[in-house]
Amino acid sequence: MKAVAAQLGVRPLLNRTVTSKRLAQEASRSAIIHLACHGTQWAEEAHFDMAWSPPAVLRLRSGGLTFQDILTDWDLRSTDLIVLSACDTGLVNFFQPWDEFAGLSHVLLQAGAHSILSSLWSVDDESTGLLMAKFYHSLTTERLAGPLALSNAQRWLRESTASSLVREFPELYHPDPKLCVNARPFAHPYFWAPFYYTG
């Protein structure tokens, strides 16, 4: 989170300072919102429930967020991008009786957000940290559009060697000493492919 905040030039909210009420206040005046927390899903169905009451769809250190919290308390009309770097945040419920998918990304779009970056499965912490650092570098320094910044970061993570990762992000990557310096530790799609762009 600190690496992301540094690239965006902001001070992050961490641990117990992150509450549903505080997020609602900050969300209304933030062009980019990055949530690094825990996504929750139905264990048996692998999709988000329409959580109008607990359990929450995002778990925070102090409580959680439900769909009702977002739609009732959040004004995202000034928000260009919400990044959900947590597990399973892009999953949808295909089993509702109406003809539209229901999921966290869709609720955030309904609340006014212009675009969402979310995940399709449980993500690895280290590779996600690296992917996000490169994504924000592409977004802020290279000035790439969001979808291109994500594609650039995914390609970079897939192709990076252990030695190049240590060189570029020594604070985020700590390789196994037995790993060959030319190995590509995150070449498998599990590491670079879970995130997708909506909006």
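The values are calculated or read from the model by the stated rules, or taken from the named source; none is laboratory data. Quick caveat, the model's predicted, so the values are computed rather than measured. Methodologically, a virtual Cβ is constructed for each residue, glycine included, from the backbone with ideal geometry; neighbour enumeration extends over all protein chains shown.
Scanning the stretch 140-165 for residues that are exposed (fewer than 15 other Cβ atoms within 10 Å of the Cβ) and not acidic (Asp, Glu), which turns out farthest from the chain's Cα centre (by Cα)?
SER163
Would you call GLY103 small (Gly, Ala, Ser) and at pLDDT 95 or above?
no
Any residue that is surrounded by 13 or more Cβ atoms within 10 Å (Cβ to Cβ), hydrophobic (A, V, I, L, M, F, W, C) and either at pLDDT 70 or above or part of a helix (DSSP H, G or I) (or both) - is there at least one of those in the stretch 11-21?
yes
So is LYS178 of a type in the set (Lys, Arg) and either within 13 Å of the chain's Cα centre (by Cα) or within 25 Å of SER30 (Cβ to Cβ) (or both) or not?
no
With PHE186, PHE135 as the choices, which residue is modelled with pLDDT of 95 or more, under 24 Å from TRP74 (Cβ atoms) and not in a strand (DSSP E or B)?
PHE135 is the lone residue from the list that is modelled with pLDDT of 95 or more, under 24 Å from TRP74 (Cβ atoms) and not in a strand (DSSP E or B).
Can you spot a residue in the stretch 152-164 that is of a type in the set (Asp, Glu) and modelled with pLDDT under 95?
Taking every residue of the stretch 152-164 in turn, none turns out to be of a type in the set (Asp, Glu) and modelled with pLDDT under 95.
Residue-by-condition table, conditions (1) in contact with a helix residue (DSSP H, G or I) (Cβ under 8 Å, 6 or more places away or on another chain); (2) surrounded by 13 or more Cβ atoms within 10 Å (Cβ to Cβ); (3) at pLDDT below 95:
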position: TRP52; (1), (2), (3): yes, no, yes
position: THR66; (1), (2), (3): no, yes, yes
position: ALA86; (1), (2), (3): no, yes, yes
position: THR89; (1), (2), (3): yes, yes, yes
position: LEU130; (1), (2), (3): yes, yes, no
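Can you tell me how many residues in the stretch 22-44 are at pLDDT below 75 and either closer than 18 Å to THR66 by Cα or buried (at least 16 other Cβ atoms within 10 Å of the Cβ) (or both)?
So the answer is 5.
For HIS106, state whether it is in a loop (DSSP other than H, G, I, E, B) and not hydroxyl-bearing (Ser, Thr, Tyr).
no
Matching residues to (1) in contact (Cβ under 8 Å) with a residue 12 or more places away in the chain; (2) more than 19 Å from TRP192 (Cβ to Cβ); (3) not in a loop (DSSP other than H, G, I, E, B):
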position	(1), (2), (3)
VAL83	yes, no, yes
GLY90	yes, no, no
SER127	yes, no, yes
VAL166	no, no, yes
LYS178	no, yes, no
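Would you confirm whether any residue within the stretch 108-115 is crowded, with 21+ Cβ neighbours inside 10 Å, of a type outside the set (Phe, Trp, Tyr) and assigned by TED's automatic domain parsing to the domain that holds LEU76?
yes
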